[in-house]
Amino acid sequence: MKRRSVLWLPAVLLLLAFLASLAFGEVRLALPEIVQGLRGRGSPLTVTVLREFRLPRSLVGAAVGAALAASGVVMQALFRNALASPGLLGVSSGAALGAVSVLASGMGRTLWTVPLAAIAGAFVSTAAAVVLARKGAGTDRLLLSGIALNALLDAGTAFLLSVTAGRLELNGQILFWLMGGLESRTVEHVIVGFPAIAMACVLLLPLGRALNLVSLGEQTAQSLGVDVRRVRSQLIVLSTVLTALATSVAGIIGFVGLVVPHLLRVLLGPDHRRLLPASMMAGAALTLACDVATRLLPGGLRLGVVTAFVGGPFFLWMLRTLA
Amino acid sequence: MRPSWTIVLCALLGSAAVHASPRRVVSQTVGTDELLLALADPGQIAALSRFARDPAFSVDAKQAAAYPKLERDDAESVIRFQPDLVLAASYTEPETLTLLRRAGVKLIVAEQFESLEDVYSNIRTLGAALGHSDRAGELIRTTRARVIDLARKLNGVKPVRIQDLCDHAGAINVAAEAGLVGHARTPDERLLTWNPEVLIASDNEGPDLVTRLRQVPAYKHLPALRAGRLVVLPGSLLASVTHYRVAAFEALARELHPERFR
């Protein structure tokens, strides 16, 4: 009973982080200015900064965080493995290779090409992982083909990175993308990311019970009347969509999908019907908070680096206290 | 009465000119920093790029310290200075350019900086935008004169085979630009077969470069390195995309053909 009440905590954190991400930045704004600016009043500078710069960034950040955390919950349940993360089947590596190919070929000068190439790369690589694992159709095979594929895709990205090493500005853009970030997100990124992620999250929420059963093991779930094959493919598709979209608009952001589900499992218990919505909110909150940190800390710090800096030690601490 | 009329007229024209030309210019790249410092009135400069004060990249690092600099490269960091003109380059993040355009800021994006003619064209464009076409013309004239002067000095010299060790990625191969015989960077066995007479490196590589290169198998047998024929030039000059490139040519020529500069 007591655990249920904890669900309000991620909601409050998300609200606070969202407000903070609207409030902090290079341009200092007071609270009344922020409220007025969002309504389109006040100085042109304030309105531009809030509506054109910060609001898209906050919306994209929230969607990305929610998507990665939800995808992490699904992967950990599906593979019954504490180390499972959204990128397990090669989704993020595929997205990275897609985006980096476009950047390296010099086609990254428009706003749409990089996100779309990332989405394409993510789906192609996940499809490959599924097809390659098909014969055995077990979770283990899927996991192994994911690992092999990840290595292959990462090698491809590393190859492109080394080929472009002589072109400092191109190399910079690629690294920028590989380390993830929410700087200069535009309405286009909101359009690519936000509605589809929201829809995938809504479709995922009713699958909480199925996730509970699947996480007991395939045979147990089967004997309890779950169509494991169907549920598993639904979950893989939704998880892929979420990670692909998140990566396509913000680059590779690690640790959110790994840490958030674990943390909330400690707070809320293993019931996925609560774990899913709570992880989505907490993932969004963590991503936004880390993004605010990149704005307040000295320049040049990337979001993917901050999430790892925050997530890594936290995770280790959690392991020690729980063991 | 006549002189006073002239003064009034000048004052009127002057204020009109000031209003027409931008008064708060923000430069987003080191290349445009150097052009802006060369062409603008100090009062026109609102902020310079993130690396403007870094001597590894900027020739004008000291001069740039007198102006505010961008803390980050994103759109909000730029708009904080409420610019009426922003200078960027083709390698600026496309998202940042889009956001700045949507904010209604006038943008000049330098697209080409491969050749000296590209540099002159950039100088001309910026000069016109700043209301200082005269200064732009003067800068181009003096730069052209320096190139001609250099060519005259080097007239008939025996070409020196050089190897550009410039690991500073994206740097222009100064040798090829200067019309001397040069090679692209390939530190491997082929280097031995080329057998360059002089090696060129950037000072951004740090001190003791010769000692360190002597430990690299591909380099240690090179006669040029054994004899210590290594020319170290400022990295900011080697990577320059502005009129300072001519200074790089001069520095290199001075090292390769000292007899012509006596």
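Under 5 Å between amide hydrogens, built in the peptide plane, is the criterion, and for A:Ile252 it picks out A:Met179, A:Gly180 among residues at least 5 positions away or on other chains. Which whole-angstrom value gives the distance between the alpha carbon centres of segment A:258-282 and segment B:95-160? Comparing the Cα centres of segment A:258-282 and segment B:95-160, I get a distance of 57 Å. With both labels modelled 7 Å from their Cα along Cα-to-Cβ, the B:Glu138 to A:Arg39 distance reads 5.3 nm. D by Stokes-Einstein for the protein assembly as shown, Kirkwood Rh over Cα pairs, 37 °C, 0.692 mPa s: 121 µm²/s. Once you sort the root eigenvalues of the Cα gyration tensor of segment B:72-136 as a ≥ b ≥ c, which label holds: rounded (a/c under 1.5), prolate (a/b larger than b/c) or oblate (the other case)? Cα axes put segment B:72-136 in the oblate bin. Taking 7 Å steps out from each Cα toward its Cβ at A:Arg209 and A:Val266 produces label points 3.1 nm apart.
Taking the accessible area of the protein assembly as shown, probe 1.4 Å, and keeping the other protein chains in place, the carbon and sulfur fraction comes to 63%. A cut-off under 15 angstrom between Cβ atoms defines the neighbours of A:Leu103, and their net charge, with Lys, Arg +1 and Asp, Glu -1, is -1. For B:Ile200, the amide hydrogen comes within under 5 Å of the amide hydrogens of B:Gln163, B:Asp164, B:Leu165, B:Val231, counting only partners 5 or more places away or on other chains and with H modelled in the peptide plane. Label separation (A:Leu19 vs B:Glu114): 5.5 nm, computed from points 7 Å beyond Cα along the C-beta direction. Taking R0 as 56 Å, what FRET efficiency do you get between B:Asp84 and A:Val124 from their Cβ-Cβ distance, rounded to the nearest 0.05? E(calc), rounded to 0.05, equals 0.75.
Compute the projected area of the convex hull of the Cα atoms of segment A:196-294, averaged over all viewing directions, and report it in nm² to one decimal place.
Values: hull surface 26.6 nm².
Mean projected area for segment A:196-294: 6.6 nm², to one decimal.
Of the peptides B:136-143, A:177-184, the ranking by mean beta-carbon count within 10 Å, highest at the top, reads A:177-184, B:136-143.
Applying the Karplus relation 6.51 cos²θ - 1.76 cosθ + 1.60 with θ = phi - 60° to segment A:141-154 yields 3J(HN,Hα) values of 4, 4, 4, 5, 5, x, 5, 4, 5, 4, 4, 4, 5, 4 Hz, where x marks Gly and Pro.
Find the centroid of the Cα atoms in segment A:101-122 and in segment A:291-323, then give the distance between the two in whole Å. What the calculation gives is 28 Å, centre to centre.
Bridges between two residues of the protein assembly as shown, per DSSP, are antiparallel at a rate of about 0%.
In a shell of Cβ-Cβ distance under 13 Å around B:Leu37, excluding B:Leu37 itself, what net charge do Lys and Arg (+1) and Asp and Glu (-1) give? Intermediate values should be presented prior to the final figure.
On the way: positive: B:Arg53, B:Lys62, B:Lys69, B:Arg135; negative: B:Asp33, B:Glu34, B:Asp41, B:Asp60.
That works out to 0.
Let's test the formula: R0 of 60 Å, r as the Cβ-Cβ distance of B:Ala65 and A:Asn81. What FRET efficiency results, to the nearest 0.05? Spell out each step's value before the answer.
Values: r = 54 Å, r/R0 = 0.90.
Rounded to the nearest 0.05, the efficiency is 0.65.
Can you run the Rg to Rh ratio on chain A? Use alpha carbon positions and the Kirkwood inverse-distance Rh. Value, to two decimals: 0.98. When the accessible areas of B alone and A alone are added and the area of the pair subtracted, with a 1.4 Å probe, the result is around 2500 Å², both sides summed. A straight line joining the Cα centroids of segment A:65-80 and segment A:196-232 runs 12 Å.
Let a ≥ b ≥ c be the square roots of the eigenvalues of the Cα gyration tensor of segment A:170-211; is it rounded (a/c under 1.5), or, if not, prolate (a/b larger than b/c) or oblate? Here segment A:170-211 falls in the oblate category. For B:Ile45, the residues whose modelled amide H falls within less than 5 Å of its own, excluding neighbours fewer than 5 places apart on the same chain, are B:Val25.
For segment A:24-146, the extents of the C-alpha atoms along the principal axes are 63, 36, 19 Å, listed from largest to smallest. I want the local charge near A:Arg41. Using Cβ-Cβ distances under 12 Å, sum +1 for each Lys or Arg and -1 for each Asp or Glu among the other residues. Summing Lys/Arg as +1 and Asp/Glu as -1 gives +1. For segment A:56-158, chymotrypsin sites (Phe, Trp or Tyr not before Pro) meeting the loop criterion (DSSP other than H, G, I, E, B) and having at most 13 other Cβ atoms within 10 Å: A:Trp112. Legend: residues in segment B:71-105 shielded by at least 40 square angstrom of accessible surface upon adding the remaining protein chains to the isolated chain (1.4 Å probe, heavy atoms) are B:Arg72, B:Asp74, B:Glu76, B:Ile79, B:Arg80, B:Tyr91, B:Glu93, B:Pro94, B:Glu95, B:Leu99, B:Arg102.
Computed from backbone phi with θ = phi - 60° and the Karplus coefficients 6.51, -1.76 and 1.60, the 3J(HN,Hα) list for segment B:114-121 is 6, 10, 5, 4, 4, 4, 4, 5 Hz; x is used for glycine and proline.
Does segment B:210-262 classify as rounded, prolate or oblate by the C-alpha gyration tensor (a ≥ b ≥ c root eigenvalues; a/c under 1.5 gives rounded; else a/b over b/c gives prolate, otherwise oblate)? Oblate, because a/c is 1.5 or more while a/b does not exceed b/c. Heavy-atom accessible area with a 1.4 Å probe sorts A:Arg167, A:Arg185, B:Arg152, largest first, into B:Arg152, A:Arg167, A:Arg185. Converting phi to 3J(HN,Hα) with the Karplus coefficients 6.51, -1.76 and 1.60 and the offset θ = phi - 60°, segment B:35-47 yields 5, 4, 5, 6, 10, 8, 6, x, x, 7, 8, 8, 6 Hz in sequence order, with x at every glycine or proline.
If DNA, RNA and ligands are ignored and the probe is 1.4 Å, what is the ranking of A:Leu175, B:Leu87 by accessible area, most exposed first? Before the final figure, lay out the partial values.
On the way: A:Leu175 70, B:Leu87 0 Å².
Per-residue accessible area, sorted high to low, gives A:Leu175, B:Leu87.
In the context of the full set of protein chains, the protein assembly as shown has a per residue accessible area of 46 Å² (1.4 Å probe).
The values are calculated or read from the model by the stated rules, or taken from the named source; none is laboratory data. This one's a predicted model, so the numbers in the text were calculated from it and none came from an experiment. Cβ: placed from backbone, ideal geometry, glycine included. Neighbour counts: every protein chain shown. Surface areas here come from the heavy atoms of the whole protein model, side chains and all, with no ligands, DNA or RNA. Shrake-Rupley method; radii C 1.70, N 1.55, O 1.52, S 1.80 Å.
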